[in-house]
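Peer 1: Starting off with a structure, shown below.
Bear in mind that the values in this text are calculations on the coordinates, not laboratory data. Since the structure is predicted, the reported quantities are computational estimates derived from the model, not experimental observations. Note: ideal-geometry Cβ built from the backbone for every residue, glycine included; neighbour counts use all protein chains shown.
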Amino acid sequence: MITLSDEVRDALADGAPVVALESTIISHGLPRPDNLRVAREIEQAVRDAGAVPATVALVAGRVRIGLDDDALATVAGDDSVLKVSVRDLAVVAARGGHGATTVASTAHLAARAGIAVFATGGLGGVHRGASTTFDESADLVTLSRVPTTVVCAGVKSILDIAATLERMETLGIGLVGYRTDRFPGFYLTDSGHPVEHRVDDPAEVAAVMRARAALGTDRAGLVVANPLPEDEQLDPVLHDRVLAAALAGADAEGVHGKETTPYLLARFHQDTQGRSLAVNTRIILRNARLAAQIALAHAVAG
Ligand code: PSU
Ligand code: MN
């Protein structure tokens, strides 16, 4: 049920650098029609940095790792595409449906395919109010079970970031800041929380990956937190205002469960007149580039 594109299969067989990419960000995280353009740009950013992009999605019930342009267009534009986490994979596959994979399901499938490095925008985590709703993304528990290295701009700023960091610690998910000792806040350069370990170049990340394997601490994932430069972040005042309105809107409209993240991100894209889309795009492209550099350093070091 899993099909690797020829390019991804050949690269893996040769030990060449490959970067897994999620597809929920395309189908549910970014507005149409920009999402298809951005999906192509992400792949190009990985190629330009010398690695092979492996976007993951379910197309007509088949898990595809490495998408052609038709498949990418389906993920970006077909109304039947479901947001698919780990537990949904088998159901959508058995029914022959289309599905976009989250961080959780992408990391799971990447690990199965032998892809070590994965790029996304921001991880899922503990939602605000989780002490009553229990809404914690499956991204966290999945990253406690798969060895994947995930490059992201921290966790989405819509979350309870302090609680998410505590859960990551409990779950044994590795965490390093890339050229920073502050945990990034996705749209914002600094979430207000520190990161204990800082790394300064891709080779250093590859060395941590090798050490994790040697020490057997790679049963859980490694998060490489890559912040936006301060002059590229969303204006923090605008961010806080839009977030407050979006959270109130979700509450008033009774949005919950897996709809919450797409709802809040869509509100950001509407209420910032496209500024959050530009920032979100920069985040993903930067992460794709860094993930490719890490995959290269990892491949060279064997
Ligand atoms: N980060 C983004 N855009 C997104 C997501 C993350 O910038 O669309 C998606 C990812 O696929 C992530 C998912 O795995 O949101 C988390 O959703 P939830 O909180 O429902 O687990
Ligand atoms: Mn949830």
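Peer 1: With a ≥ b ≥ c taken as the square roots of the eigenvalues of the C-alpha gyration tensor of segment 2-301, please select rounded if a/c is under 1.5 and otherwise prolate if a/b is larger than b/c or oblate if it is not?
Peer 2: rounded
Peer 1: What are the ³J(HN,Hα) values, in whole Hz, obtained from phi via the Karplus relation 6.51 cos²θ - 1.76 cosθ + 1.60 with θ = phi - 60°, for each residue of segment 19-34 in sequence order, with x given for Gly and Pro?
Peer 2: Along segment 19-34, the couplings run 10, 6, 10, 7, 10, 5, 4, 6, 6, 10, x, 10, x, 6, x, 4 Hz.
Peer 1: So how far apart, in nm, are the two label points at ARG198 and ASP78 if each is 7 Å from Cα heading toward Cβ?
Peer 2: 4.6 nm
Peer 1: What does the charge dipole of the chain about its Cα centre add up to, to the nearest 20 debye, if the Cβ of each Lys and Arg holds +1 and the Cβ of each Asp and Glu holds -1?
Peer 2: 520 debye
Peer 1: Neighbour counts of other C-beta atoms within 10 Å: give me LEU264, LEU123, LEU175 arranged from fewest to most.
Peer 2: Ascending number of Cβ neighbours within 10 Å: LEU175, LEU264, LEU123.
Peer 1: Right, something else. Please say if segment 143-294 is rounded, prolate or oblate, where rounded means a/c under 1.5 for a ≥ b ≥ c the square roots of the C-alpha gyration tensor eigenvalues, and otherwise the choice is prolate for a/b larger than b/c and oblate otherwise?
Peer 2: Prolate, since a/c reaches 1.5 and a/b exceeds b/c.
Peer 1: Between GLY96, GLY50, GLY61, which gets the highest mean-square fluctuation from a Gaussian network model of the chain, Cα cutoff 10 Å?
Peer 2: Maximum fluctuation in the GNM of the chain, among the listed residues, is at GLY96.
Peer 1: Excluding the sites themselves, what is the longest stretch of the chain that contains no trypsin sites (Lys or Arg not before Pro) in a DSSP loop with at most 14 other C-beta atoms within 10 Å?
Peer 2: Free of exposed loop sites, the longest segment is 1-178.
Peer 1: With a 10 Å Cβ neighbour count serving as the proxy for reagent exposure, in which order, fewest first, do TYR263, TYR178 appear?
Peer 2: TYR263, TYR178
Peer 1: Rounded, prolate or oblate: which fits segment 160-234, taking a ≥ b ≥ c as square roots of the Cα gyration tensor eigenvalues, rounded meaning a/c under 1.5, else prolate when a/b beats b/c?
Peer 2: Because a/c hits 1.5 or more and a/b fails to exceed b/c, segment 160-234 counts as oblate.
Peer 1: Now, a different point. Show me, for segment 164-178, the HN-Hα J-couplings you get by feeding each phi into the Karplus relation (A = 6.51, B = -1.76, C = 1.60, θ = phi - 60°), rounded to Hz, glycine and proline as x.
Peer 2: Karplus values, whole Hz, x for Gly and Pro: 4, 5, 4, 5, 4, 5, 4, 7, x, 7, x, 8, 10, x, 8.
Peer 1: When GLU22, GLU232 are ordered from fewest to most other Cβ atoms inside 10 Å of their Cβ, what list results?
Peer 2: Lowest to highest Cβ neighbour count: GLU232, GLU22.
Peer 1: I would also like to ask the following. Between ALA163 and ALA252, what FRET efficiency comes out of the Förster formula 1/(1 + (r/R0)^6) with R0 = 30 Å and r the beta carbon distance, rounded to 0.05?
Peer 2: 0.80
Peer 1: Quick one: what are the phi-derived ³J(HN,Hα) couplings along segment 120-136, Karplus 6.51/-1.76/1.60 with θ = phi - 60°, whole Hz, x for glycine and proline?
Peer 2: 9, x, x, 6, x, x, 7, 6, 4, x, 5, 5, 10, 8, 6, 7, 10
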